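To start, the structure itself, in structure tokens.
What follows draws every value from the coordinates through simple rules; no lab data is involved. What you see is a predicted model, and the numbers here were worked out from it, not measured in a lab. Please note: Cβ atoms are built from the backbone with ideal geometry, for glycine as well, and neighbour counts cover all protein chains shown.
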Amino acid sequence: MNGGFHIVVCGSVVPDPLQTLAPIEGPTGPALKNELMLPAVLDPWAGHALYEAAHLAKNTPGSKVWLVSLGPKAKLQQLMMTIAQKVSFELVVLDGPSGGFSDASEVAAALAGAIDKIPDLDRSRLLLFGGCASASRDAGVTMQMVGERLGISDQFLGVDELTVEADGALKILERIEGGQYQVSVCAGAPAVLAWATGNLPEPPNNPQIGMMNMRTVMPALQRAQPAPVGAEGVSWRGVDLPQQRRQTRIVKDLSVEEIAREIVAWLKG
Amino acid sequence: MEKILFLAHTQDDGTLPNVAREALAAAVDLTQKIPGSSLSVGLIGQEAKPAADAVAACGAARFLAVTGTEFAASRYASDVAAVEALVSEAQATLIVAPATIRFSRALPGAAQRLQGRIETHVSGLDVVDGAPQIQRWYYRQRMVATLARSQRPWFLVVDAGVFPPWQGAPGAAALDNVAVALPENCTRTRVVGIQSPAVKTQTIRPDAEVLFVAGAGWTKKQADGQLHIKEAEGLILGFLQQCNASLGSSKSLVDQSVEGEAVLSFMSHLNQVGQTGSTPRHPKGLATCCHGEEPHAVGWRFINERRAINTDPNCGWAQGKADVLYVADAFQVMAKVNDLLGG
Ligand SMILES: Cc1cc2nc3c(=O)[nH]c(=O)nc-3n(C[C@H](O)[C@H](O)[C@H](O)COP(=O)(O)OP(=O)(O)OC[C@H]3O[C@@H](n4cnc5c(N)ncnc54)[C@H](O)[C@@H]3O)c2cc1C
């Protein structure tokens with residue numbers, strides 16, 4: 001690859017999935033109860049995208065990774081304590097809400113605007129990475145909208161594998177129906193890849209990488225531009241928690257044989 | 001007044017997927033409920049006539065299609081161009097489409113290009129005071145919202161299994177072809193094939209009656225202090241075959257392959273159910289050797305009847321997440337279940 005890739009990863013924070021979430025009525029629409037107090041993690045599929053980006057950059061000399069995050073500055077700063085130790089990147093921060101109820105198209109506009117302003121970003125070498133969906137809005141639309149705003153017409157969703165061929169072409173495996181993959185070959189960058197799980201484990205913490213990243217992370221947080229995204233045009237008619245609990249019948253004293261019979265009767269019933 | 005466009009693409013054999021008929025039922029229903037609205041059908045594929053004829057009786061005023069070899073493949077650039085042309089031709093304000101992978105990739109970009117908005121994973125539709133409102137889940141099935149929008153065009157991508165499929169007699173649809181000239185940058189990507197998982201067994205079956213979930217317990221040391229991977233594989237595959245069930249997994253079990261631990265040979269990330277996996281729809285689900293932690297259990301939102309087998313009476317399933325928890329050894333129970341199903 002001539003000069004390597006410029007890989008921009010879009011990803012932000014979501015509440016730790018082990019937390020209990022409850023909706024409340026906020027000043028501009030629905031929000032989460034104690035949203036700013038909830039422990040946050042890197043949005044899982046965006047995390048996979050980031051690890052894949054770092055891996056690709058490492059194996060393609062001359063490449064560089066940016067992480068563009070739209071979220072509350074304080075939360076992003078906390079997140080950096082862990083993420084910045086894992087892989088090398090340059091951070092771009094947009095200070096705004098990261099909750100699920102903001103509109104994907106407003107988020108996409110903010111992200112595309114920030115990417116547009118990255119100095120020295122070579123659009124002809126751009127690979128735009130992100131998760132195939134967030135754990136907050138779970139819409140699976142933001143990456144395509146950012147790509148569209150940046151004029152990128154080769155886009156892939158639910159990617160588990162990217163191979164760069166000898167001629168610079170991108171061979172991409174996307175998840176499709178029935179547990180199969182669609183295999184595509186794209187002539188090369190620029191392209192949008194919205195990742196599913198990929199094939200890489202979470203990288204271990206490496207304090208050296210952390211030290212290097214921190215030199216750019218703190219200034220990036222200080223430079224953060226406000227991005228007051230919302231959901232203009234949406235009228236919320238209600239946000240409800242589903243009926244969570246079932247009356248679980250706990251069966252402790254049946255024999256294996258009896259349990260098996262009960263299960264088979266239920267399956268056939 | 002809404003101009004409603006039902007949008008679909010054909011499958012390789014020229015027919016519409018089932019989920020498209022479900023979305024059509026939703027579009028027809030909306031048209032009937034919104035006063036003064038009209039319905040059009042827009043189809044994309046190698047050819048569209050058989051698919052259009054199959055839904056000829058749906059009440060649409062117009063049948064439009066973008067067809068040709070370049071539109072056979074599931075490819076972002078050509079699909080967005082086709083959708084843009086169809087929506088413009090129909091002057092659609094509301095677009096109702098099925099949540100296929102192909103459309104999930106392309107429709108968000110099309111909505112952006114048309115300066116519209118899009119809602120995906122639509123799980124309910126209603127008309128209140130003459131205007132449409134939708135239901136969708138947030139935070140991975142943790143909470144459900146009802147909302148309406150002022151912007152148009154508004155794309156509504158309907159999840160599978162929400163609406164009963166549209167039924168009607170085939171007929172002869174008067175199909176208008178909408179010409180789309182693809183610019184050169186729309187063919188930089190070629191779809192070169194479909195790859196099945198490395199395993200022979202097809203384990204993911206969206207139409208199955210039963211979801212069978214295997215958790216990490218299957219590959220952990222058992223009471224005798226030993227691993228029983230081969231036995232676990234035999235029991236699970238035996239059950240899938242007898243019951244024609246779909247196979248789901250917890251995250252811990254599929255992560256083991258990446259971490260180089262002992263794994264079930266037919267299991268991959270594609271099987272994962274939960275927060276960072278799928279949220280399948282099946283009438284029944286049976287969880288085995290799986291703890292039932294919240295990030296896993298959110299993937300069970302659309303499983304109606306839920307049972308679990310776990311040696312731990314205090315596992316997550318006991319906390320109101322399953323209807324029945326059998327406190328027992330899943331190796332023993334599943335061996336017996338397979339015997340009974342086979343006999
Ligand atoms: C950001 C994030 C995202 C996540 N996303 C997901 C997700 O999408 N899907 C998901 O599944 N998890 C997800 N998790 C992980 C989740 O929190 C749990 O760690 C995981 O679901 C546990 O898997 P498990 O129940 O198979 O394994 P374990 O917790 O190891 O449970 C194994 C169970 O097997 C039982 N067992 C062992 N032997 C037997 C036997 N012989 N018979 C019966 N029972 C037996 C044990 O009692 C135990 O309950 C996520 C976590 C995070 C932090």
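When A:Glu25, B:Glu294 are ordered from fewest to most other Cβ atoms inside 10 Å of their Cβ, what list results?
If I rank by nearby Cβ atoms, fewest first, I get A:Glu25, B:Glu294.
Return the percentage of antiparallel bridges among DSSP beta bridges fully within the stretch A:6-226, rounded to the nearest 5 %.
Within the stretch A:6-226, antiparallel bridges account for around 40 percent of the total.
Go through the stretch B:154-245 and name the GluC sites (Glu not before Pro) that are in a DSSP coil and have 14 or fewer other Cβ atoms within 10 Å of their Cβ.
B:Glu209
Straight-line reach only, C-alpha to C-alpha below 17 angstrom: list the lysines that A:Lys268 could link to, leaving out same-chain residues fewer than 8 apart.
Those lysines meeting the cut-off are B:Lys284, B:Lys336.
Report, largest value first, the span of the C-alpha coordinates of the stretch B:5-98 along each principal axis, in whole Å.
Taking the Cα atoms of the stretch B:5-98, the three principal extents are 38, 24, 18 Å.
When the convex hull of the Cα atoms of the protein assembly as shown is projected onto a plane and the area is averaged over all directions, what value comes out in nm²?
The directionally averaged projection comes out at 27.8 nm².
On a straight-distance basis, which aspartates and glutamates could pair with B:Lys3 in a cross-link, Cα separation under 18 angstrom, same-chain partners fewer than 8 positions away excluded?
List returned: B:Asp29, B:Glu84, B:Glu89, B:Glu119, B:Asp126, B:Asp129, B:Asp176.
Two decimals is fine: what is log10 I(q)/I(0) at q = 0.14, 0.29 Å⁻¹ for the stretch A:157-222, from a Debye sum with one equal scatterer on every Cα and no solvent?
Each listed q corresponds, in turn, to -0.65, -1.16.
Give the long-range amide H neighbours of A:Leu91: residues separated by 5 or more places, or on another chain, with amide H under 5 Å away, using H modelled in the peptide plane at 1.01 Å from N.
Correct list: A:Leu67.
Per residue Cα convex hull volume for the stretch B:133-216, in cubic angstrom?
Working: hull volume 27.1 nm³, N = 84.
Hull volume normalised by residue count: 323 Å³.
Mind computing the radius of gyration and Dmax over the alpha-carbon atoms of the stretch A:148-269? Å is fine for both.
Radius of gyration, then largest Cα-Cα span, for the stretch A:148-269: 25.1, 66 Å.
Would you work out the relative contact order for chain A, in percent, from Cα pairs under 8 angstrom that are 6 or more residues apart? Let's see the in-between values first.
Details: 506 pairs, mean separation 64.5, N = 269.
The value is 24 percent.
Between B:Ala20, B:Ala52, B:Ala148, find the one with the highest GNM mean-square fluctuation for chain B; connect C-alpha pairs within less than 10 Å.
Looking only at B:Ala20, B:Ala52, B:Ala148, the largest GNM fluctuation is found for B:Ala148.
Please report, in whole Å, how far the alpha carbons of the stretch A:6-226 spread along each principal axis, starting with the longest.
Ordered largest first, the stretch A:6-226 gives principal extents of 52, 42, 31 Å.
Among B:Tyr76, B:Tyr139, B:Tyr326, whose mean-square fluctuation peaks in a Gaussian network model of chain B (Cα, cutoff 10 Å)?
Maximum among the listed residues: B:Tyr139.
Starting from the Cα gyration tensor of the stretch A:108-160, multiply each eigenvalue by 5, take the square root, and state the resulting semi-axes largest first in whole Å.
Taking √(5λ) for each Cα gyration eigenvalue gives 20, 13, 9 Å.
Determine the alpha carbon to alpha carbon distance for each of A:Lys64/A:Lys86; A:Lys75/B:Lys321; B:Lys221/B:Lys251; A:Lys33/A:Lys73; A:Lys86/B:Lys321; A:Lys33/B:Lys33 and list only those over 27 Å.
Over 27 Å apart, Cα to Cα: A:Lys75/B:Lys321; A:Lys86/B:Lys321; A:Lys33/B:Lys33.
Quick one: of the DSSP bridges fully inside the protein assembly as shown, what percent are antiparallel, nearest 5?
On the way: 42 of 121 bridges.
So the antiparallel bridges in the protein assembly as shown amount to around 35 percent.
How large is Rg over Rh for the stretch A:66-123, taking Rg from the Cα atoms and Rh as the Kirkwood inverse mean of 1/r across Cα pairs?
Rg/Rh: 0.98.
Jot down the per residue volume, in cubic angstrom and as a whole number, of the convex hull over the alpha-carbon atoms of the stretch B:276-343.
Details: hull volume 6.1 nm³, N = 68.
Per-residue hull volume (Cα only) is 90 Å³.
Using only Cα atoms, locate the centre of the stretch B:1-64 and the centre of the stretch B:81-139, then give the distance between them in Å, rounded to an integer.
Between the Cα centre of the stretch B:1-64 and that of the stretch B:81-139, the gap is 13 Å.
Just to be sure I understand the model, the point goes 7 Å from the Cα along the line to the Cβ. What's the resulting A:Asp167 to A:Met37 distance in nm?
With each label placed 7 Å out from Cα toward Cβ, I get 6.0 nm.
Rounded, prolate or oblate, given the Cα gyration tensor of the stretch B:199-342, with a/c below 1.5 counting as rounded?
Rounded, since a/c falls under 1.5.
So what is the diffusion coefficient of the stretch A:72-179 in µm² per second by Stokes-Einstein at 37 °C and 0.692 mPa s, using a Kirkwood Rh over Cα pairs?
207 µm²/s
Taking beta carbons within 10 Å but only from partner chains, what does the mean come to for residues B:209-221?
0
According to the Kirkwood expression over distinct Cα-Cα pairs, how big is the hydrodynamic radius of the stretch B:66-224, in Å?
After inverting the mean inverse Cα-Cα distance, the result is 19.2 Å.
Counting other C-beta atoms within 10 Å, which of B:Arg105, B:Arg188 has the fewest, and how do the rest follow?
Least to most surrounded, the residues fall as B:Arg188, B:Arg105.
What's the long-distance tail for chain B, i.e. % of Cα pairs beyond 38 Å?
28 percent
On C-alpha positions alone, give me the angle between the axis of helix A:73-83 and the longest principal axis of chain A, in degrees, nearest 10.
90 degrees
Could you list A:Ser153, B:Ser38 in order of exposure, starting from the residue whose Cβ has the fewest other Cβ atoms within 10 Å? Mind showing how you got there, number by number?
Numbers: A:Ser153 23, B:Ser38 17.
Fewest to most other Cβ atoms nearby, the residues stand as B:Ser38, A:Ser153.
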